[in-house]
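The values are calculated or read from the model by the stated rules, or taken from the named source; none is laboratory data. All of these numbers come straight from a predicted model, not from anything done at the bench. Because the Cβ atoms are built from the backbone with ideal geometry, glycine has one as well, and the counts that use them run over all protein chains shown.
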Protein chains: 2
Amino acid sequence: MSLLLIVNGTGENWGPEPWLRRFRERLPGRHIEIASDQGPAKHGFRYAAVWKPAPGYLARCNGLEVIFNLGAGVDALLKDATLPDLPLVRVVSEDLTKRMTEYVVMHCLMHHRRQRMLDEAQSRAEWAAKDQWAASAVRVGILGLGELGQDAAEVLVRIGFDVAGWSRTRKSVAGVTSFAGEAELAPFLARTDILVALVPLTSDTEGILNRKLFAGLARDGRLGAPVLINAGRGGLQDEADILACLDDGTLGAATLDVFHEEPLPPSSPFWRHPKVTVTPHNAADSDAEAISDYIVAQIRDLESGQPLRNVVDRKRGY
Amino acid sequence: MSLLLIVNGTGENWGPEPWLRRFRERLPGRHIEIASDQGPAKHGFRYAAVWKPAPGYLARCNGLEVIFNLGAGVDALLKDATLPDLPLVRVVSEDLTKRMTEYVVMHCLMHHRRQRMLDEAQSRAEWAAKDQWAASAVRVGILGLGELGQDAAEVLVRIGFDVAGWSRTRKSVAGVTSFAGEAELAPFLARTDILVALVPLTSDTEGILNRKLFAGLARDGRLGAPVLINAGRGGLQDEADILACLDDGTLGAATLDVFHEEPLPPSSPFWRHPKVTVTPHNAADSDAEAISDYIVAQIRDLESGQPLRNVVDRKRGY
């Protein structure tokens, strides 16, 4: 019942050593080891907990039965064509979900309450006009109504926004209009003033945030022009299209937490664009302690005969 | 059953004429008139709906039975020592409550998620470090746990903040620690990282947001230093103390929606203070249609024999 750690992270939270400490604390008496994916393969470990392992490495380790990803998104892992055909578990934790909800709620409110206009007015010592509508006048559309999207939707509904969600299969969330499947994407976009992207990155969703999609968003909303919040993955977005659509008014503003290249290089025009808020992929910065708890709970459940939860469907991509 | 309007507001929402139109639409067949508080007194009207009437005017109008204030705060009205001893009704509307909750939730999140630090980092094209705690690590304290405070508290709890409230009498809100009375103010402050002021302005609360109070806030919180959000009334705050406390670190930041002088004059140091967010008294900009509905509903209820709701207790001051 041994555990192999392959962690390409750094710092006191995401380096391999802190992960080793956390798992040793939680699984005393087990054999737990750090592997370098630049070194020789390690054999005879039942579990692997991984963060950005080098492609090909896991395939060389004999004896593995389950792979735990140390994050929610498995898009990078699934790009490894040699990834062994074992159960692959992603993180679905209340901690991660709640952090994403904080981010989505705050940025929806900042657009709805025109915080950037107010910031501008403050910089000119100008008492802005009060013309402010209620949240019920703003239609939020959540692209991706999974665990994260559903939780954010619940709070947005409680606050008073007019909320819909789109997902592959229809979901039921109180107060949220659920659109499902490709046929319902257009009507979903047509009633959306603030688009929140939370879909997983798969071959189906790569580059989905492009001009064609933005052009389908509502043009008759209270915000003047539709707004994009991408808290999913950089690979979802066509960055040249976002810039062009901001400049020609197809989009009114964008809040971006993720990018094709991270950290976002200083030369990126996003940094200085007056309609863009950049955040450093911290929408749902995972708590390593909470993730460790989650994985250890899954290991214990499995060993007491219960099925693994949140196993990735490789065909679906998440 | 006639209605007199005394409205010192302007514009398409707050001018006297739009109020006349709204009440005539809702109370067809009634005698409704606009009075100028600079002109002669009007007699024989049963109801008055007022917004900032000149002190002394209402006392000169014979026959009034109920005064409806067109807003939630009655502090200005109660300063009129000649105000007739009639039931005075304040606005408690879902619309106003929800708008205040939007404001409080957004600004608590902006402090918790360090949005101003991230704005700064963006202005330098700098990918900030991700070190972000969960909302559960931040203690919000709501000074004033009435209708507004309770609704905001509920959403803050749902998001995950550690929420307490202080009020004159003890309140029961799920998940919220309730402190009550003067004796419990100190322990309430001592566990507060973000102080949200929503108390009504009365002789008891005038100037309560001063150095002595700020010095009692928690010094061991995740935000580094405690934060003030004043969405109540300017009269609650000692503005010189706020500036001095921001400068010496007693306060880490302040978000102010209200001021002694409104509009805030261009010369105010608040505009350009790097730790201050100024908003133009728009936290809960009331919806005139919703207020009209509310007052008409009260009139109809009263005339069908039901008691008035939200009548001001003059001794208490709200």
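Filter region A:245-261 for residues that are part of a loop (DSSP other than H, G, I, E, B) and in contact (Cβ under 8 Å) with a residue 12 or more places away in the chain and give the result. Correct list: A:Gly249, A:Thr250, A:Leu251, A:Gly252, A:Asp257, A:Val258, A:Phe259, A:His260, A:Glu261. Out of A:Ser286, A:Ser267, one residue alone is in a loop (DSSP other than H, G, I, E, B), farther than 30 Å from A:Glu17 by Cβ, within 14 Å of another protein chain (Cβ to nearest Cβ) and hydroxyl-bearing (Ser, Thr, Tyr). It is A:Ser267.
Taking the criterion of being closer than 30 Å to B:Ser268 by Cα, within 14 Å of chain B (Cβ to nearest Cβ) and in contact with a Gly (Cβ under 7 Å, 6 or more places away or on another chain), would at least one residue in region A:143-153 satisfy it? Within region A:143-153 (the criterion being closer than 30 Å to B:Ser268 by Cα, within 14 Å of chain B (Cβ to nearest Cβ) and in contact with a Gly (Cβ under 7 Å, 6 or more places away or on another chain)), the answer is no, since none of the residues qualifies. Within region B:80-87, none of the residues are of a type in the set (Ser, Thr, Tyr) and closer than 29 Å to A:Asp257 by Cα. Looking across region B:1-60, the residues that are free of Cβ contacts under 8 Å to residues at least 24 places away in the same chain and either of a type in the set (Val, Ile, Thr) or at positive phi (or both) come down to B:Thr10, B:Gly11, B:Gly29.
Can you confirm whether B:Leu213 is in a strand (DSSP E or B) and within 21 Å of the chain's Cα centre (by Cα)? No, not satisfied.
Condition check ((1) among the β-branched types (Val, Ile, Thr); (2) surrounded by 21 or more Cβ atoms within 10 Å (Cβ to Cβ); (3) touching a Pro at 6+ places or on another chain (Cβ under 7 Å)) across all residues:
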residue	(1), (2), (3)
A:Val140	yes, yes, no
A:Ile159	yes, yes, no
A:Leu185	no, no, no
A:Phe188	no, yes, no
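Would you be able to tell me the number of residues in region A:129-168 that are among the hydroxyl-bearing types (Ser, Thr, Tyr) and out of contact with any Leu (no Cβ under 9 Å at 6 or more places or on another chain)? Spell out the reasoning first.
Taking region A:129-168 as the starting set, the residues that turn out to be among the hydroxyl-bearing types (Ser, Thr, Tyr) are A:136, A:167.
Within this subset, residues satisfying the condition of being out of contact with any Leu (no Cβ under 9 Å at 6 or more places or on another chain) are A:136.
The qualifying residues number 1.
Among the residues of region B:50-60, those identified as hydrophobic (A, V, I, L, M, F, W, C) and surrounded by 17 or more Cβ atoms within 10 Å (Cβ to Cβ) are B:Val50, B:Trp51, B:Leu58. Checked against (1) surrounded by fewer than 24 Cβ atoms within 10 Å (Cβ to Cβ); (2) within 10 Å of chain A (Cβ to nearest Cβ); (3) at pLDDT 95 or above, B:Lys130 passes all but a single condition, namely (3). The number of residues in region A:282-316 being modelled with pLDDT under 95 and among the acidic types (Asp, Glu) comes to 3. In the condition set (1) in contact with a strand residue (DSSP E or B) (Cβ under 7 Å, 6 or more places away or on another chain); (2) modelled with pLDDT under 95; (3) of a type in the set (A, V, I, L, M), A:Leu251 is compliant with all but (2). Comparison of B:Arg211, B:Arg222 shows that the only residue that is over 20 Å from B:Arg316 (Cβ atoms) and touching a residue at least 40 places away in the same chain (Cβ under 8 Å) is B:Arg222. Taking the criterion of being closer than 12 Å to A:Ala288 by Cβ, exposed (fewer than 12 other Cβ atoms within 10 Å of the Cβ) and of a type in the set (Gly, Ala, Ser), the only residue of region A:4-49 that qualifies is A:Gly11.
Looking only at residues of region B:232-259 that are within 14 Å of another protein chain (Cβ to nearest Cβ) and more than 14 Å from B:Ile208 (Cβ to Cβ), we find that the one that is farthest from the chain's Cα centre (by Cα) is B:Ala253. Condition check for B:Ile299 on (1) touching a strand residue (DSSP E or B) at 6+ places or on another chain (Cβ under 9 Å); (2) in a helix (DSSP H, G or I); (3) within 14 Å of chain A (Cβ to nearest Cβ): one failure, at (3).
Looking for something of a type in the set (Val, Ile, Thr), part of a helix (DSSP H, G or I) and within 14 Å of chain B (Cβ to nearest Cβ) - is there at least one such residue anywhere in region A:158-180? Looking for residues that are of a type in the set (Val, Ile, Thr), part of a helix (DSSP H, G or I) and within 14 Å of chain B (Cβ to nearest Cβ), one finds at least one in region A:158-180, hence yes.
Of all the residues in region A:293-317, those that are farther than 14 Å from A:Pro87 by Cβ and surrounded by 21 or more Cβ atoms within 10 Å (Cβ to Cβ) number 1. Comparison of B:Thr192, B:Thr202 shows that the only residue that is of a type in the set (Val, Ile, Thr), more than 14 Å from chain A (Cβ to nearest Cβ) and closer than 29 Å to B:Trp133 by Cβ is B:Thr192.
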